[in-house]
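See structure below.
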Amino acid sequence: MWETLSQFRDPNLGRPLLERVRSLAERVADRLGRVPVFMEVCGTHTVAISRAGLRAALRGLVELRSGPGCPVCVTDPAELDAMIGLAREPGVTVTTFGDMLRVPGSRGSLDDERTAGADVRVVYSPADAVELAAALPDRQVVFLGVGFETTAPAVALAGLMAAERGLGNFTIFAAHKVYPPALEALLADPGVRLDGFLLPGHATTVLGRRRLDFLAERHRVPAVISGFEPVDILAALHELLEQVVAGEARVVNAYPRLVREEGNPRAVAVIERLFASVYAAWRGIGVIPQSGLDFRPEWRHLSAQDRFRLEVAPGRPHPGCRCGDLMKGKAEPFDCRLFARAWRPERPFGPCMVSSEGACAAYYRYERANALEV
């Protein structure tokens, strides 16, 4: 396995492929009369592209825009405020992945609540939260279920584990999102101009390639499922450019070492056992039909939203934060007047600078020096 991965990082493969991408991009620009614009949907792709210097290497030839692929970033402000409100409830222990801690809500963050004495704990898997509920029978333990198709199966399994063990003090705040409906919403926005999608390998490992055929069939938009190493990404970009040159639109699996046509049926089955598709609000994008997951009626005893009926006003993001525009591909972090000035990782005004998969955090860490050139 490691030998295989090292090949996907091999500069002797990457450099000639980069030159082929550059050459093909020039042909595409001649055909379109402008530079092609591709969206990397996954936050892990955003980080990988920035870390490898691919965005800078292709500047002026290919425009790579970040999309709604950071799970923390797309969490609606009202949901975030409700999560923070849960931490203030007496007798409640909130468990979460670490990247949720410092995301600012309307009135502070989970980390602020922890500093003030709330019981907020970072766990490494939803199963750890179940074990904590078993160890703390006198407390209500809530796990914050945030993420895409990649994390939803593990969260669903945690719910099943708690139910099998009869843990009445364990609930899940269901805030999962599914990404294909978000792509539909982006393509319906007249202000979004895209020539193709670089699709996430992680989430599509669960969903399967076929689930994305609508992009080509209904919207005539090229799309390529990619891995996360530099050669993976360059090969996917080359495929996108070839489709644009040929005037074609197909959904291509360029990550066959993990992604299958049908995806992972067992993972899909456990998601569908506990959850149903519902309307969901996405930060900066709005309410998207069938883009969220919520408990089916027979599993609603696991719902933290049902057990703790918090009255939460609509969230109020910082007025200068452009996370919404960024996740729709309408802006880059460099376009935000707060980026690397008032807005830094130690003083974030929005989730895109906090999450490890946030575009602002990736640009700040790897591409900040390029800000003066833009």
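The values are calculated or read from the model by the stated rules, or taken from the named source; none is laboratory data. Please read these numbers as outputs of a predicted model, since none were measured by experiment. We place every Cβ from the backbone using ideal geometry, glycine too, and count neighbours over all the protein chains shown. With ligands, DNA and RNA removed, areas are computed over all heavy atoms of the protein, side chains included. Shrake-Rupley method; radii C 1.70, N 1.55, O 1.52, S 1.80 Å.
Using the Cβ atoms and a cut-off under 13 Å, what net charge is assigned to the surroundings of residue 247, where Lys and Arg are +1 and Asp and Glu are -1?
+1
Specify whether the C-alpha gyration tensor of segment 117-202 places it in the rounded, prolate or oblate class, a ≥ b ≥ c being the square roots of the eigenvalues: rounded for a/c under 1.5, otherwise prolate if a/b is larger than b/c and oblate if not. Because a/c hits 1.5 or more and a/b exceeds b/c, segment 117-202 counts as prolate.
Roughly how many Å² is the accessible area per residue of segment 1-157, as a whole number, for a 1.4 Å probe?
Values: 6500 Å² over 157 residues.
Ligands and nucleic acids excluded, the figure is 41 Å² per residue.
Here each label is just a point 7 Å from Cα along the line to Cβ, and for residue 193 and residue 138 those points are 6.4 nm apart. Label zone of residue 298 (point 7 Å out along Cα→Cβ, amide N under 15 Å): in segment 250-270 this covers 269-270.
Rounded to the nearest 20, the Cβ-based charge dipole of segment 222-316 about its Cα centre (Lys and Arg +1, Asp and Glu -1) stands at 520 debye. Put a plus charge on the Cβ of each Lys and Arg, a minus charge on the Cβ of each Asp and Glu, and nothing anywhere else: the dipole of segment 1-151 about its Cα centre is then about 920 debye. Each stretch of four or more DSSP H residues adds -39500 (n - 2.57); spread over every residue of the chain, this sum gives -11500 deg cm²/dmol at 222 nm. Evaluating 6.51 cos²θ - 1.76 cosθ + 1.60 at θ = phi - 60° for every residue in segment 10-25, the Karplus couplings come out as 6, x, 5, 8, x, 5, x, 5, 4, 5, 5, 5, 4, 4, 5, 4 Hz, glycine and proline recorded as x. Which of 35, 282, 47 sits closest to the plus end of the dipole of the chain, meaning its Cα is farthest towards the positive end, when Lys and Arg get +1 and Asp and Glu get -1 on the C-beta? About the Cα centre, the residue reaching furthest to the positive side is 35.
Close amide H pairs (under 5 Å, H built 1.01 Å from N) link residue 221 with 216, residues at least 5 positions away or on another chain. Prolate is the label for segment 25-155. Its Cα gyration tensor axes, ordered a ≥ b ≥ c, give a/c of at least 1.5 and a/b above b/c. Sorted largest first by accessible area at a 1.4 angstrom probe radius, with every protein chain in place, the residues 299, 282 fall in the order 299, 282.
Ranked by the mean number of other Cβ atoms within 10 Å per residue, highest first, peptides 97-105, 356-364, 78-86 order as 356-364, 78-86, 97-105. The computed mean projected area of the Cα convex hull in nm² for the structure shown corresponds, within (1) 32.5; (2) 18.7; (3) 19.9, to (2).
Using C-alpha pairs below 8 Å separated by at least 6 residues, the relative contact order for segment 96-187 is 26 percent. The magnitude of the dipole of segment 96-201, with charges of +1 and -1 set on the Cβ of Lys/Arg and Asp/Glu and taken from the Cα centre, is near 120 debye. Segment 80-158 and segment 1-72 have Cα centres spaced 35 Å apart. Ligands, DNA and RNA left out, the accessible area of the chain computed with a 1.4 Å probe is 50% carbon and sulfur. The packing ranking, built from the mean of other Cβ atoms within 10 Å per residue, places the peptides 328-338, 62-72 in the order 62-72, 328-338, highest first.
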